[in-house]
Amino acid sequence: MWQPELAADLAEAGVEYALVDDRHFLVCGFRHEELHRPHLTESDGRPLGLLAIDERLRYLIPFRPPEETASYLRELRSQGHGLAVLADDGEKFGGWPGTKDWVYGSGWLDTFLQAMERLTAAGEIKLSTAQEAFRQVPSGGLAYLGTASYREMEKWSLPPAAQRDLTTLEEELGPKHLAASASFVRGGHWHHFLVKYPESNRMHKTMVALSNLSRSRGDPPAARRAIGRAQCNDAYWHGVFGGLYLPHLRNAIWRQLAIAERELRRGESLAYEELDLDNDGYPELWI
């Protein structure tokens, strides 16, 4: 997920570069062949490096035989590209259904590592950290990215009727035309999960209110720790394998918010405040 103003915050925190999905570049008009280099962006005059995560690598590893990854890397090299970035979920390597048997039981991991060793020994690729790549590969220039997330998340954030309309459009376009225009056929803003699911919004706005209250009271460590735990993002949205529809995740957020409020209001008598806590234009009572 990306928002343009993140660049200033990350740079101010001392972050040198960020990894983002290549789709974030594609929806802004970049071409695939332009993304095999680092780029630079800025916000409020604060520069930040950007590395585009290669979607094809994410789908090859670990779901396809390692030789397909080797062939793809050779193809990029033959085209003169200097970089291919992989950053992905660790649970793909044993946590997702069926991946433990595939990655370890069938020997995929051993075969993959052997394939990478052969490519490295032959001088066809060099394995490096993201920091090394960012500093050593020539820059692709300036890039300003709009708010974006990965394709599925933008679709999931839509209301049901709009989601059905988008699915219909994708089916009407068909695989060939959809592949050519996929970067511009997109869903909504990932923040819309807070609109689509009222409890997600209530959790989020309660967390924000308690965070502001904590700052105003000197940020007691126990309260700030609980608020930080309540900011764990998994319970505010959903994917295929989990998210806000799992009650134990939501319960964990509410528990941490209760702990934070207990710490912040310790010793106070029962009281209430009237305010628009959930930002829907109507007042609520915060007891």
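The numbers here are math on the coordinates, done by the rules we state, and not lab data. Small disclaimer: the values here were computed from a predicted structure and weren't measured. Cβ sites come from the backbone with ideal geometry, for glycine too, and all protein chains shown count toward neighbours.
Across segment 174-188, rounded Karplus estimates of 3J(HN,Hα) from the backbone phi angles (6.51 cos²θ - 1.76 cosθ + 1.60, θ = phi - 60°) give x, x, 5, 5, 5, 4, 6, 10, 4, 5, 10, 9, 9, x, x Hz, Gly and Pro being marked x. For the chain, the tally of Lys pairs with Cα-Cα distances below 26 Å comes to 7, considering only residues 8 or more apart or on different chains. Considering only V195, V240, V20, the Gaussian network model of the chain with Cα springs below 10 Å gives its largest mean-square fluctuation to V240. Amide H contacts under 5 Å for S43: A8, restricted to partners 5 or more places along the chain or on a different chain, H placed in the peptide plane at 1.01 Å from N.
Residues I61, I259, arranged from fewest to most other Cβ atoms within 10 angstrom of their Cβ, appear as I259, I61. Relative contact order of segment 1-155, taken over Cα pairs closer than 8 Å and 6 or more residues apart, is 35 percent.
Give me the net charge for the shell around V103: Cβ to Cβ below 14 angstrom, other residues only, Lys and Arg +1, Asp and Glu -1. Here the count lands on -2.
Let me make sure I get this right: for segment 197-286, a, b and c are the square roots of the gyration tensor eigenvalues over alpha carbons, sorted descending. Under 1.5 in a/c it's rounded, otherwise prolate if a/b > b/c, else oblate. Which is it?
Numbers: a/c = 2.22, a/b = 1.37, b/c = 1.62.
Oblate.
If you take every residue apart from F25 with its C-beta less than 10 Å away from the C-beta of F25, what net charge results, scoring Lys and Arg +1 and Asp and Glu -1? With Lys, Arg at +1 and Asp, Glu at -1, the neighbours total -1.
Electrostatic bookkeeping for E284 treats Lys and Arg as +1 and Asp and Glu as -1; over the other residues with beta carbon under 12 Å from its beta carbon, the sum is -3.
Residues whose amide H lies under 5 Å from that of E284, counting only those 5 or more places away or on a different chain, are L275, D276, L277; hydrogens are built 1.01 Å from N in the peptide plane. GNM remark for the chain: springs join alpha carbons under 10 Å apart, and the peak mean-square fluctuation among G146, G188, G80 falls on G80.
Helix-derived [θ] at 222 nm for the chain: sum -39500 (n - 2.57) over DSSP H runs of at least 4, divide by residue count, nearest 500?
On the way: 12 runs with 131 residues, N = 287.
Rounded to the nearest 500, it is -14000 deg cm²/dmol.
Per residue, the average separation of C-alpha pairs within less than 8 Å and at least 6 apart gives segment 197-286 a relative contact order of 31 percent. In a reduced charge model with +1 at each Lys and Arg Cβ and -1 at each Asp and Glu Cβ, segment 92-195 shows a dipole moment near 180 debye about its Cα centre. Helix 247-264 and the longest principal axis of the C-alpha atoms of the chain enclose an angle of approximately 50°. Axis of helix 108-121 versus longest Cα principal axis of the chain: the two differ by about 60°, to the nearest ten degrees.
Determine, for W237, W102, W286, the number of other Cβ atoms within 10 Å of each Cβ, and report the residues in order from fewest to most. Numbers along the way, then the final one.
Numbers: W237 21, W102 17, W286 13.
Ordered by Cβ neighbours within 10 Å, fewest first: W286, W102, W237.
Shape verdict for segment 151-191, please, from the Cα gyration tensor: rounded (a/c under 1.5), prolate (a/b greater than b/c) or oblate. Since a/c reaches 1.5 but b/c is at least a/b, the shape of segment 151-191 is classed as oblate.
Would you mind classifying the chain by shape? Square roots of the alpha carbon gyration tensor eigenvalues, ordered a ≥ b ≥ c; an a/c under 1.5 is rounded, otherwise it is prolate if a/b is larger than b/c and oblate if not. Cα axes put the chain in the prolate bin.
Couplings 3J(HN,Hα) for segment 134-147, derived from phi with the Karplus relation 6.51 cos²θ - 1.76 cosθ + 1.60 (θ = phi - 60°), are 4, 7, 9, 7, x, 5, x, x, 8, 9, 10, 9, x, 4 Hz, where x marks Gly and Pro. Beta bridges per DSSP, both residues in the chain: antiparallel share near 60 percent.
Rounded to the nearest whole Hz, the Karplus-based 3J(HN,Hα) values (6.51 cos²θ - 1.76 cosθ + 1.60, θ = phi - 60°) of segment 125-131 follow the sequence 9, 10, 7, 8, 6, 4, 4, with x at glycine and proline.
Can you tell me the relative contact order of segment 151-191? Whole percent, Cα pairs under 8 Å, sequence separation 6 or more. Present the calculation step by step, with values, prior to reporting the outcome.
Details: 28 pairs, mean separation 26.6, N = 41.
Value for segment 151-191: 65 percent.
Under 5 Å from the amide H of V85 lie the amide H atoms of D54, each residue being 5 or more positions distant or on a separate chain, with H modelled from the backbone and absent for Pro and chain starts. Loop-located GluC sites (Glu not before Pro) in segment 216-284 (DSSP state not H, G, I, E or B) with no more than 11 neighbouring Cβ atoms inside 10 Å: E268.
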